[in-house]
Amino acid sequence: MFAAENGLKGDPRLQAISDAIRVVPHFPKPGIMFQDITTLLLDHKAFKDTVDIFVDRYRDMDISVVAGVEARGFMFGPSIALAIGAKFVPLRKPRKLPGTSEVIAETYDLEYGSDCLEMHVGAVQPGERVIVIDDLVATGGTLSAAIRLLERVGAQVVECACVIGLREVKGQRRLNGKPLYILVEPREIDGCY
């Protein structure tokens, strides 16, 4: 569900967040309108508003883990985790986790091939309440893999949260049975997003 449908309709922070996101046409390939959050990170107020909206939502939900999807989930997740008193757990691409610790992995399909998310074994304990954070949800494949990975270790995934949700997910309120919370729709250029 979009934040505007859940009590934040007309909240000027949402428009400021949307306005702070730069659209890069035809990146990384022709026809893609890349939603660049680096400009959001440069806007102190919009970045703070983004984190504050998520913190307000999750503060009283007894969340013990914020799981951030590589890489842009790492930009929002730690701030949210600190503010709500939870730990931050990175969900990384293959062979990116440091150390010799054992990892657990979940593979998922992409348009052309597959990818994988990994997490250290023991980072999340059975029964812990988790939110999954990423910058953008398009098809939901990556977030679905994150849910499966966390549930395999016995975690209770409470919700998935994203700053931007493409129109393909607008009618979806759930991924793999878990609620989906999105702040803004993508910005358009000449009718494309």
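The values are calculated or read from the model by the stated rules, or taken from the named source; none is laboratory data. This structure is a prediction, so every number in the text was calculated from the model and none was measured. Note that we place each Cβ from the backbone using ideal geometry, even for glycine, and neighbour counts take in every protein chain shown. The accessibility values were calculated without ligands, DNA or RNA, using every heavy atom of the protein model including side chains. Shrake-Rupley method; radii C 1.70, N 1.55, O 1.52, S 1.80 Å.
Results, tabulated for the structure shown:
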quantity	calculated
Top-ranked residue of the range 114-141 - restricted to ones that are open to solvent by 40 Å² or more (accessible area, probe 1.4 Å) and among the β-branched types (Val, Ile, Thr), ranked as nearest to the chain's Cα centre (by Cα)	Thr139
Any hit, the range 5-26, residues being free of Cβ contacts under 8 Å to residues at least 12 places away in the same chain and among the hydrophobic types (A, V, I, L, M, F, W, C)	no
Residue that is surrounded by the fewest Cβ atoms within 10 Å (Cβ to Cβ), among those in the range 18-34 that are at pLDDT 95 or above and out of contact with any strand residue (DSSP E or B) (no Cβ under 8 Å at 6 or more places or on another chain)	Asp19
Residue list for the range 64-113, restricted to those being within 17 Å of Cys162 (Cβ to Cβ), assigned to a strand (DSSP E or B) and open to solvent by 30 Å² or more (accessible area, probe 1.4 Å)	Phe88, Pro90
Considering residues of the range 2-17 that are aliphatic (A, V, I, L, M), within 21 Å of Ala138 (Cα to Cα) and open to solvent by less than 40 Å² (accessible area, probe 1.4 Å) only, the residue modelled with the lowest pLDDT	Ala3
Within the range 123-154, tally of residues that are assigned to a helix (DSSP H, G or I) and small (Gly, Ala, Ser)	4
In the range 35-57, residue surrounded by the fewest Cβ atoms within 10 Å (Cβ to Cβ) [restricted to those that are β-branched (Val, Ile, Thr) and assigned to a helix (DSSP H, G or I)]	Thr38
